[in-house]
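Take a look at the structure set out below.
The values are calculated or read from the model by the stated rules, or taken from the named source; none is laboratory data. Every value quoted in this text rests on a predicted model; they were computed, and no experiment measured them. Ideal geometry is used to build each Cβ from the backbone, glycine not excepted, and the neighbour counts take in all protein chains shown.
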């Protein structure tokens, strides 16, 4: 996307969360990189996000999420200053989730630099998050995220790339993705497939991530 935006993360908000690596660097170089990235994501965010979709490609990632409501969030097991501040009312949910993002990606960067014997930032900028204010925008971003596979020539069809949530919508086997919420909203898997088959990138999206 061309909007380099970091919207405020708030309860109940639906967001497109994404970022790319610094020029010339790969985020994922092996099967284990993709697996460990998703494991780390679930570790830091499964208790705080409802995750609708994702796509991981060699130099960037996308997630479509909803921040859980206050009564769904329990940070008591987190042993961090941000968690203590949140529990005591000294900070808001945005501050806490910002800290979780920093923890997740600093760990990934340190590991990547050690493996590749490199220094410096893995990402050029902080992780973006764009608030999706309408159902129409949510549906567009759902298709857009999966369409990265085709847009970046990783496959001719959505089903050709296993590092996205598209297949989970078809087989319903994911234990951590909330595909049922989206399918219920859309009216079933057939509508989901049709929306993707008829998806067209907006011009601004066609010019981005090149």
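Annotations
- Number of the exception - residue 119 against (1) part of a helix (DSSP H, G or I); (2) surrounded by fewer than 19 Cβ atoms within 10 Å (Cβ to Cβ); (3) touching a helix residue (DSSP H, G or I) at 6+ places or on another chain (Cβ under 9 Å): (1)
- Just one of the listed residues (81, 108, 73) is under 30 Å from residue 158 (Cα atoms) and surrounded by fewer than 19 Cβ atoms within 10 Å (Cβ to Cβ), and it is 108.
- Among residues of region 178-190 that are part of a helix (DSSP H, G or I), those with a beta-carbon under 8 Å from a residue that is surrounded by 11 or more Cβ atoms within 10 Å (Cβ to Cβ) and at pLDDT below 95 at least six positions away or on a different chain give the pairs 179/172; 180/172.
- Looking at 136, 89, just one residue is under 18 Å from residue 51 (Cα atoms) and exposed (fewer than 13 other Cβ atoms within 10 Å of the Cβ), and that residue is 136.
- Qualifying residue in region 175-190 (condition: over 19 Å from residue 135 (Cα atoms) and at pLDDT 90 or above): yes
Condition check ((1) in contact with a helix residue (DSSP H, G or I) (Cβ under 9 Å, 6 or more places away or on another chain); (2) touching a residue at least 40 places away in the same chain (Cβ under 8 Å); (3) not in a loop (DSSP other than H, G, I, E, B)) across all residues:
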residue	(1), (2), (3)
25	yes, yes, no
28	yes, yes, no
47	yes, no, no
51	yes, yes, yes
54	yes, yes, yes
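- Filtering region 127-159 to residues that are touching a helix residue (DSSP H, G or I) at 6+ places or on another chain (Cβ under 8 Å), in a loop (DSSP other than H, G, I, E, B) and closer than 14 Å to residue 58 by Cα leaves 154, 155.
- Test for residue 153: is it closer than 14 Å to residue 197 by Cβ and out of contact with any strand residue (DSSP E or B) (no Cβ under 8 Å at 6 or more places or on another chain): no
- Region 1-23, residues that are buried (at least 19 other Cβ atoms within 10 Å of the Cβ) and outside any strand (DSSP E or B): 9
- Residue satisfying condition, being crowded, with 17+ Cβ neighbours inside 10 Å and under 27 Å from residue 11 (Cα atoms), within set 145, 150: 145
- In region 95-107 there is no residue that is assigned to a loop (DSSP other than H, G, I, E, B) and more than 17 Å from residue 66 (Cβ to Cβ).
- Residue check, residue 11 at pLDDT 95 or above and either within 14 Å of the chain's Cα centre (by Cα) or under 30 Å from residue 117 (Cα atoms) (or both): no
- Residue match in region 80-93 (condition: modelled with pLDDT of 95 or more, touching a strand residue (DSSP E or B) at 6+ places or on another chain (Cβ under 9 Å) and assigned to a helix (DSSP H, G or I)): yes
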